[in-house]
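The values are calculated or read from the model by the stated rules, or taken from the named source; none is laboratory data. Predicted model only: the values in this text are computed from it and were never measured. Neighbour counts run over all protein chains shown; Cβ positions are idealised from the backbone, glycine included. Heads up: the accessible areas ignore ligands, DNA and RNA and are worked out on the full protein's heavy atoms, side chains in. Shrake-Rupley method; radii C 1.70, N 1.55, O 1.52, S 1.80 Å.
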Amino acid sequence: PMLNPDGVVAGNSRCCVDGEDLSRSWRGGAKGLRRPVVDSVKRLLEELRKSKTEVALFLEFDVHMRRRNVFCEGCGPSTSGAELIFPKLLSRKCGATKFSECSYNLAGSKAGTARSVMHAKHGIACSYLIYVSQIGGDFGAWEGRHYSTD
């Protein structure tokens, strides 16, 4: 589901209609602001955890304004290397994905992101943000082209 419908309708991509950056509000958020869709996803995951239902993969999608290609940002690294499996499969099946551009570093500014909270609080080791470039690709069949549904 789209987690920012009110913001998108108002012409925003990251901020909800209240002006909060939803991509960084998963850990808490500003006092008094309501994030009903984000809060609903968090409640759903808590219910799944209580019912002992394992969530193996969590994906969020966003557009990147400056970098090219499709790439993932994950959490890690782990000792097992499990977080590398999904990006590797994605790069093999999606010709626009560059595995070498995927990263697994959670810097301080990323602590409130969905993938960070899903990894740390809900124990979902394979939590990723998949970025799709707004300016297209720079290799293979996508070199110099924008992504489209055509």
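See the values below:
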read-out: Summed residue charge, Cβ within 12 Å of G108's Cβ, Lys/Arg positive, Asp/Glu negative; value: +3
read-out: Summed side-chain charge close to V8 - residues other than V8 whose Cβ falls under 13 Å, Lys, Arg +1, Asp, Glu -1; value: -1
read-out: Length gained when the stretch D6-T53 is fully extended (0.36 nm per residue, less Cα-Cα span); value: 13.9 nm
read-out: Pairs of alpha carbons in the chain whose separation is greater than 21 Å (percent); value: 50
read-out: Carbon and sulfur %, accessible surface of the chain computed with the full protein complex present, 1.4 Å; value: 56
read-out: Rounded accessible area per residue of the chain, 1.4 Å, Å²; value: 61
read-out: Computed [θ] at 222 nm, deg cm²/dmol, the chain (DSSP H ≥ 4; -39,500 (n - 2.57); rounded to nearest 500); value: -7000 deg cm²/dmol
read-out: Protection proxy ranking, peptides 135-141, 48-54, average beta carbon neighbours within 10 Å, highest first; value: 135-141, 48-54
read-out: Projected label distance in nm at L44 and S148, using a 7 Å step from Cα toward the beta-carbon; value: 3.3
read-out: Distance-filtered residues of region 78-120 - backbone nitrogen under 11 Å, label point 7 angstrom along A141 Cα→Cβ; value: 94-96
read-out: Region 117-136 residues near the modelled M65 label - backbone nitrogen below 17 Å, point 7 Å along Cα→Cβ; value: 131-136
read-out: Counted charge near L22, where neighbours are those whose Cβ lies closer than 9 Å (Asp, Glu -1; Lys, Arg +1); value: +1
